[in-house]
Amino acid sequence: MLRRFIKYYKPHLPLFILDFGCAFIMAGMDLIFPFVVGLMIDDILPNKDLNTILLVGVGMLFLYIIRSVLQYIVDYYGHVLGTRMEFDMRKDLFDHLHNLSFNYFDNTKTGHIMSRLVNDLNEISELAHHGPEDLFIIIVTLIGAFFIMFFTHWPLTLITFSILPVVLLFAVIKNKKMQEAFRNLRSKLADINSQVEDSIAGVRVVKSFTNEVYEADKFKSGNENFKNSKEDTFKVMAEFYAGVTYFANFIHLVVLIFGGYFIYQGTMTTGALIKFLLYVSIFLQPIKKLTILMENYQKGMACFHRFVETLEIEPEILDKPEAKEITSVIGELAFNDVTFSYNNRKSVLQNISFKVKPGETVAIVGPSGAGKTTLCSLIPRFYEIDGGSIKIDQVDIKDITQKSLRQNIGIVQQDVFLFSGSVRENIAYGKIDATDEEIIVAAKRANAHSFIMNLEKGYDTYIGERGIKLSGGQKQRLSIARIFLKNPQILILDEATSALDNETEKVIQESLAELSQNRTTLIIAHRLATIKMADRIMVLTEEGIVEEGSHDYLLEKDNIYARLYKAQFSDITQDIVLS
Ligand code: ADP
Ligand code: MG
């Protein structure tokens, strides 16, 4: 894992060397001041040598300028290094996510993916540059201070350093407790966050059922847990800082008392004692840092672990090396004995076989949950089938590159997803390099042009997440315009008009009828008007395709289709039947 982490430093080696080189020198420079103070008190001041004092002053001034420059480099370029590594990792992760198959997204919460891309990588970035930097500074400071002190007065050095393990142990134990408290706090915070989100998102429901008091009660316990957890955290933090301060003072005191004794004995000079006290102050800083470093290391590595875990998820559906591009598709579609289940659970489709001729329109009807949407999502190979084969123009879709396969299939669904962006961009999603003329032609054919022109900024109107809201029918027309631009030979309409009112449906029906001209079309339909567009109807139930034929034929047969028809279509769509 660590090796994989180090790999991300590689492209930024010069920056790494600059940052850590400067941190190294800076830590070394901080050891000079106490040394100079000792020298001043013991050797220079007793001689009353004003010139040397001045010289030392000027020298130190110069040194401090250099130190500031180094600090600037470490602060700035260190963060630049971390940020660039984070950039690389984020790119890797984003690219990888888009290669993953639907199964992954079906089983992963968007919130988790988001927290990986944002929070986790931020932690990793912090560790990436503060980690080695702090480690360098700690090592240089501790070792440097030890040797200088040792050669000044070794007995006092040994006494001082013998206390350090106790301080370290205390810091480590308390730090662990603090981490637990922080973790607990974060999870309690996540709890109330999601509770607030839920309650606010559902505020209409809350109010219409006048359940404000119930919601408040539910929130109370979460809020209380968070408060308690926060109080616990501050308790541990207070203990930690009180303890660390106590030990810091204790070490100073030990140095002062023993140093005083050694001075009294005549084995130590005043300058040396002051030098010792200053060194103690200096190396206590990194010890505090060490606990933070350990915490960052744990957090950062845990995040990196999750990062690598995600990167190592293999896309389930890969192109065969010898997979072909398909370019001019005629549009014959065949299912041969297709069997499918999601994640090897109960099988959704069993032994499904049918053929659709080029340009033919086939309606699939059946009860909800029968597997109609599933069947359609197998054609662009969003999921891998367990048995049988699906062929387009007599070529197995497994022998076709996923890209060229999907380029030849257009899907219109009930839920339309619009990206944040202009109307123009959203239509052009069907063909990224479309010209303005092509976009307008597509919009006109989708019956979208006139409503777009009535928007405030026409094709430049901003829609999506933070843009203006469009009605269901308007969104659907944009999604149809996309498909006109894409111009695929095979078309799937999955309840494209189910959510629309009758008036809107009629308009969209016209566009869909035009869209399906000369394309092989599968329509999953809820309403008679849609079904009437079809040359043929297939009835899909849990038993498979149980009936097939024209509307009139199936009605006459008076079996499943006839029952579905009576239950679902007859009354609600009467006006359409008549028109
Ligand atoms: P229909 O479109 O005919 O209403 P679906 O194809 O959506 O039916 O669903 C068929 C069955 O597959 C249902 O039992 C449904 O619960 C299940 N299903 C649909 N999508 C998934 C999925 N992504 N993961 C697991 N099971 C699913
Ligand atoms: Mg469906």
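The values are calculated or read from the model by the stated rules, or taken from the named source; none is laboratory data. The shown structure was predicted, so the numbers you read here are calculated from the model rather than taken from an experiment. Quick reminder, even Gly has a Cβ in these numbers, built from the backbone with ideal geometry, and neighbours come from all protein chains shown. Ligands, DNA and RNA are excluded from the accessible area calculation, which covers all protein heavy atoms including side chains. Shrake-Rupley method; radii C 1.70, N 1.55, O 1.52, S 1.80 Å.
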> If you add up the charges near ILE139, with Lys and Arg at +1 and Asp and Glu at -1, over every other residue whose beta carbon is less than 12 angstrom from its beta carbon, what do you get?
Replying inline: -1
> When only C-alpha pairs under 8 Å and at least 6 residues apart count, what is the relative contact order of the range 526-570, in percent?
Replying inline: 34 percent
> Which is farthest toward the positive dipole end of the chain among ASN559, VAL416, HIS96, measuring Cα position about the Cα centre, with Cβ charges +1 (Lys, Arg) and -1 (Asp, Glu)?
Replying inline: HIS96
>> Give me the tail of P(r) for the range 22-155 as a percent: Cα-Cα pairs with distance above 19 Å.
In response: 67 percent
>> Can you tally the net charge around ASN447? Count Lys and Arg as +1, Asp and Glu as -1, for every other residue whose Cβ sits under 15 Å from the Cβ of ASN447.
In response: +2
> Which length gain, in nm to one decimal place, applies between ASP106 and LEU55 when the Cα-Cα distance is subtracted from 0.36 nm times their residue separation?
Replying inline: 11.2 nm
> Of LEU31, LEU135, which has the most accessible area with a 1.4 Å probe, and how do the rest follow in descending order?
Replying inline: LEU135, LEU31
> Roughly what angle does helix 472-486 make with the longest principal axis of the chain, taking Cα atoms, 0 to 90 degrees, to the nearest 10?
Replying inline: 90 degrees
> For the chain, with the dipole built from +1 on Lys and Arg beta-carbon atoms and -1 on Asp and Glu ones, taken about the Cα centre, which of GLN394, TYR342, TYR64 lies farthest toward the positive end?
Replying inline: TYR64
>> At 7 Å along Cα-to-Cβ for each site, give me the label-to-label distance between THR245 and HIS551 in nm.
In response: 8.4 nm
>> To check my understanding: the extent here is largest minus smallest coordinate of the Cα atoms along each principal axis. What are those three numbers for the chain, in Å, largest first?
In response: 119, 56, 52
> Rounded, prolate or oblate: which fits the range 473-544 when a ≥ b ≥ c are the square roots of the eigenvalues of the alpha-carbon gyration tensor, with rounded for a/c under 1.5 and prolate only if a/b beats b/c?
Replying inline: oblate
> Between their Cα atoms, which of LYS324/LYS355; LYS357/LYS431; LYS324/LYS431; LYS176/LYS230 are more than 19 Å away from each other?
Replying inline: LYS324/LYS355; LYS357/LYS431; LYS324/LYS431
> Over the range 362-427, what relative contact order in percent results from Cα pairs under 8 Å that are six or more residues apart?
Replying inline: 18 percent
> Can you give the angle from 0 to 90° between the axis of helix 436-445 and the longest principal axis of the chain, with both taken from C-alpha atoms, to the nearest 10?
Replying inline: 50 degrees
> What does the charge add up to near ASN103, with Lys and Arg as +1, Asp and Glu as -1, over the other residues with Cβ less than 9 Å from its Cβ?
Replying inline: -3
> For the range 305-387, rounded, prolate or oblate, judged on the Cα gyration tensor with a ≥ b ≥ c (square roots of eigenvalues), a/c < 1.5 rounded, else prolate if a/b > b/c?
Replying inline: oblate
> Can you give the angle from 0 to 90° between the axis of helix 154-201 and the longest principal axis of the chain, with both taken from C-alpha atoms, to the nearest 10?
Replying inline: 20 degrees
> In deg cm²/dmol, rounded to 500, what helix-only [θ] at 222 nm does the chain give when every DSSP H run of at least 4 residues adds -39500 (n - 2.57) and the total is split over its residues?
Replying inline: -21000 deg cm²/dmol
>> Once you order the gyration tensor axes a ≥ b ≥ c over the Cα atoms, which shape class does the range 377-426 get: rounded for a/c under 1.5, otherwise prolate or oblate by comparing a/b with b/c?
In response: prolate
> Running Debye on the range 430-579 with equal point scatterers at the Cα sites and no solvent, what base-10 log of I(q)/I(0) appears at q = 0.17 Å⁻¹?
Replying inline: -1.01
>> Quick query: amide H of VAL412 versus all other amide H atoms, modeled in the peptide plane; which residues come in under 5 Å with a sequence gap of 5 or more or a different chain?
In response: ILE492, LEU493, ASP494
> Looking at PHE20, TRP154, SER328, which one has the Cα that reaches farthest to the positive end of the dipole of the chain (charges on Cβ: Lys, Arg +1; Asp, Glu -1)?
Replying inline: TRP154
> Roughly how many whole Å is it from the C-alpha centroid of the range 226-295 to that of the range 159-218?
Replying inline: 31 Å
>> Report the Rg/Rh value for the range 346-438, based on alpha-carbon coordinates and the Kirkwood definition of Rh.
In response: 1.01
> What is the spread of the Cα atoms of the range 185-296 along each of their three principal axes, largest first, in whole Å?
Replying inline: 87, 21, 16
